[in-house]
Amino acid sequence: MAGAEVANGAVHEGGALALEEGRGGDEARCESSEQDGAGRSRPMFSVPFVQKIVAEVLGTYFLIFAGCAAVAVNLRTGGTVTFPGICIVWGLAVMVMVYSVGHISGAHLNPAVSVAFATCGRFPWKQVPAYAAAQVMGATAASLTLRLLFGNAREHFFGTVPAGSDVQSLVIEFIISFNLMFVVSGVATDNRAIGELAGLAVGATVLLNVLFAGPVSGASMNPARTLGPAIVVGRYAGIWVYFAGPICGTVAGAWAYNLIRFTDKPLREITQTSSFLRSVRRT
């Protein structure tokens with residue numbers, strides 16, 4: 001459903017490490033040197049990077065399988081899981097995956113989260129396509145598994161489609177994606193936050209969002225969560241909503257938190273440390 005991150009090793013040398021990067025201290029320093037112009041970076045397709053990609057595939061697979069299975073079982077059994085039960089499953093699935101693979105890949109599990117962190121200079125742009133492909137692959141594999149288990153009946157569709165108008169769902173997806181990314185940025189990228197509680201906070205946010213937005217838009221917050229079932233079932237109604245809403249919402253949420261993040265640095269120094277803004281000026 002949604003991507004999230006947790007501190008690498010929870011606490012390291014006096015503070016929680018930013019989880020959005022999905023790497024250890026030595027590797028983080030290596031990439032910082034690369035962004036500052038040093039030419040001593042590792043090859044992109046190194047063993048650690050492949051491990052991150054595999055972690056994203058597996059993490060997204062189990063997230064989508066659990067959440068969409070709750071939807072499929074509820075539809076096939078006349079509501080035995082119940083709507084609150086579905087909300088709880090999504091929240092728990094996100095929390096478990098954050099704690100399981102957050103220290104390996106950062107547990108993005110969501111292309112919109114990867115893009116949002118990249119725009120803030122907290123994740124390398126060159127890794128975004130590989131992460132997004134891994135997340136879509138995991139979501140598609142999970143959806144295919146569910147189709148084999150529960151069939152392809154139209155009334156049992158476990159994907160997301162707008163319940164009302166496309167605009168209504170677009171606005172809802174933007175708001176809940178903003179909310180999700182705002183929380184993720186707060187608990188996973190601010191060294192004053194309690195890193196050990198990142199998974200719990202992000203999972204609770206997903207649960208809350210699904211609880212009120214699920215009946216309107218399906219509460220995707222994640223292009224991969226929508227695209228996987230759509231590819232497997234061949235149902236693409238309103239799919240653009242689930243790309244535009246989550247991506248714009250997560251980018252806005254990440255930047256909103258950056259604006260209120262406490263710092264003693266002057267504005268000029270803050271903008272100079274952002275690789276995204278620096279790249280825009282160069283162009």
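When each of the peptides 135-143, 50-58 is scored by the mean number of other C-beta atoms lying within 10 Å of its residues, the order from highest to lowest reads 135-143, 50-58. Considering only Cα atoms, the convex hull volume of region 90-247 works out to 110 Å³ per residue. With a ≥ b ≥ c the root eigenvalues of the C-alpha gyration tensor of region 154-201, is it rounded (a/c under 1.5), prolate (a/b larger than b/c) or oblate? The shape class here is oblate. For region 79-176, place one equal point scatterer on every Cα, skip the solvent, and apply the Debye formula. What is log10 of I(q)/I(0) at q = 0.12, 0.21 Å⁻¹? Taken in order of the listed q values, log10 I(q)/I(0) reads -0.55, -1.38.
Please sort 190-199, 61-70, 208-217 by packing, taking for each peptide the average over its residues of neighbouring beta carbons within 10 angstrom, highest first.
In decreasing order of mean packing, 190-199, 61-70, 208-217 become 61-70, 208-217, 190-199.
Using the Cβ-Cβ distance between TRP240 and ASN191 with R0 set to 30 Å, the FRET efficiency from 1/(1 + (r/R0)^6) comes to roughly 0.20.
In a fully extended conformation the segment linking ALA204 and SER46 would gain 53.4 nm over its present Cα-Cα distance, using 0.36 nm per residue. Accessible surface for TRP240 stands near 120 Å², nearest 10, in the context of the full protein assembly shown (1.4 Å probe).
To the nearest 10, the accessible area of ARG235 is 60 Å² with a 1.4 Å probe. The dipole here belongs to region 94-233: it is taken about the Cα centre, uses +1 on the Cβ of Lys and Arg and -1 on the Cβ of Asp and Glu, and is about 240 debye.
Quick one: if the Förster radius is 41 Å, what FRET efficiency do ALA256 and LEU144 give, using the C-beta to C-beta distance and rounding to 0.05? E between ALA256 and LEU144, to the nearest 0.05, is 0.65.
Using a Förster distance of 35 angstrom, determine the FRET efficiency expected from the C-beta separation of THR77 and VAL216, and round it to 0.05.
Between THR77 and VAL216 the formula returns 0.90.
Accessible area ranking (1.4 Å probe, heavy atoms, ligands and nucleic acids excluded), largest first, for VAL232, VAL171: VAL171, VAL232. When HIS156, HIS103 are compared by accessible area at a 1.4 angstrom probe, the order from most to least is HIS103, HIS156.
The values are calculated or read from the model by the stated rules, or taken from the named source; none is laboratory data. These figures come from a predicted structure and were not determined experimentally. For neighbour counting, all protein chains shown are included, and Cβ atoms are generated from backbone atoms with ideal geometry for every residue, glycine included. What goes into the accessible areas is simple: the full protein's heavy atoms, side chains included, and nothing from ligands, DNA or RNA. Shrake-Rupley method; radii C 1.70, N 1.55, O 1.52, S 1.80 Å.
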